[in-house]
Structure formats: C-alpha cells, structure tokens
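Everything on this sheet refers to the single structure shown next.
The values are calculated or read from the model by the stated rules, or taken from the named source; none is laboratory data. Keep in mind that what you see is a predicted model, and the values were worked out from it rather than measured. Glycine also receives a Cβ, built like all others from the backbone with ideal geometry; neighbour counts cover every protein chain displayed.
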Amino acid sequence: MGFRSWLHRWTAPPPVGPAPDEACKLVLVVNHGLKMGKGKIAAQVGHASITAMTSIGEHDRARLAAWLATGQRKVCVKGDDAEHLLSLRDLADNSGLPTATVRDAGHTQIPSGSLTVVAIGPAEASRIDRLTGDLKLL
C-alpha cells in the first residue's frame, strides 16, 4: 500500500455506526516468563500498541475514534508465559474483542519467534476487564 492510500485511510471520515457507550482502553499483556529487560519490554509494547491501533482502524473506526477521543488509555500487565498469553487472546477473540500479537525477531535478548505481547483492544474497558482485571500491573 502506498503512502497516499495509507494517509487516506487514516484521514477519511469514519463510517456511520454505533460508538461504544463507555471509555475504551488497550491492555497489553507482557510475557513475564521471558525475563525481558525494560527497554525490550518498551519496544515490544510499542509494537503491540501500533499493531492494535492500525488493525482496529481497518474495520472498526467508531471504536478507534472513541479510544482516541478518551485519551488512548493503555495498561500493561504481566502474563505468566506464552501459553497464558495465547489463552487470553483466544478468550478475547471468542468475546469479539480485537487482539494483536507480537513475536520477536530474535536480534537481541530472546529467541526468534518468541511471543512477547498480546494486545487486547482498544475496546470497552469493562469488557476487557472481565478477562484481564485480575492480572498484576507491570
């Protein structure tokens, strides 16, 4: 996709549709079992945030607009390991919540293909909290 197409997608008016009736947030579940350094975690969370935002912008502009209008709330929490992250992603997918996964390229601290972060949202905070509300903050 060319730059003009990408820019048009982000600047085009959102389609008519129902907006969420509450504030939205993005929860980033970090694979704590990998023992990544702080900088590595920051980079992986950044990748997950951008992936989540761009993928929801392709099919649910009303939800994206609601998230952008309410301060783009992001919360980072600890996941136990890759299996835990995948189970949360599957629960979110089955609940109709948008998800994004990030796997590392393996250039620095961890092996290539390691699941580092699962993003859930942006979506209504109460819906995400049902799945992630018991996880500890990072």
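For this structure, a couple of remarks:
- For Gly96, the criteria (1) closer than 12 Å to Asn31 by Cα; (2) outside any strand (DSSP E or B) hold in every case but one, which is (1).
- Hits in segment 22-33 (condition: surrounded by 18 or more Cβ atoms within 10 Å (Cβ to Cβ) and either out of contact with any Ser or Thr (no Cβ under 6 Å at 6 or more places or on another chain) or modelled with pLDDT under 95 (or both)): Cys24, Lys25, Leu26, Leu28, Val29, Val30, His32
- One residue stands out among those in segment 118-134 that are within 18 Å of Asp90 (Cβ to Cβ) and surrounded by fewer than 18 Cβ atoms within 10 Å (Cβ to Cβ): the one that is nearest to the chain's Cα centre (by Cα), which is Asp129.
- Any chance Gly46 is surrounded by fewer than 18 Cβ atoms within 10 Å (Cβ to Cβ), within 11 Å of the chain's Cα centre (by Cα) and either farther than 22 Å from Arg127 by Cβ or not charged (D, E, K, R) (or both): yes
- Enumeration of residues in segment 56-70 that are without any contact (Cβ under 8 Å) to a residue 40 or more places away in the chain and over 14 Å from Ala100 (Cβ atoms): Leu68, Ala69
For (1) of a type in the set (Asp, Glu); (2) surrounded by 15 or more Cβ atoms within 10 Å (Cβ to Cβ); (3) farther than 25 Å from Pro20 by Cβ, each residue gets a yes or a no:
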{"position": "Ala42", "(1), (2), (3)": "no, no, yes"}
{"position": "Thr51", "(1), (2), (3)": "no, yes, no"}
{"position": "Val75", "(1), (2), (3)": "no, yes, no"}
{"position": "Arg89", "(1), (2), (3)": "no, yes, no"}
{"position": "Pro98", "(1), (2), (3)": "no, yes, no"}
{"position": "Ala105", "(1), (2), (3)": "no, no, yes"}
{"position": "Thr108", "(1), (2), (3)": "no, no, yes"}
{"position": "Thr116", "(1), (2), (3)": "no, yes, yes"}
{"position": "Lys136", "(1), (2), (3)": "no, no, yes"}
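- Test: residue in segment 113-125 that is of a type in the set (Asp, Glu) and touching a Ser or Thr at 6+ places or on another chain (Cβ under 7 Å): no
- Taken over segment 99-113, the criterion of being among the β-branched types (Val, Ile, Thr), assigned to a strand (DSSP E or B) and within 12 Å of Leu34 (Cβ to Cβ) is satisfied by Val102 alone.
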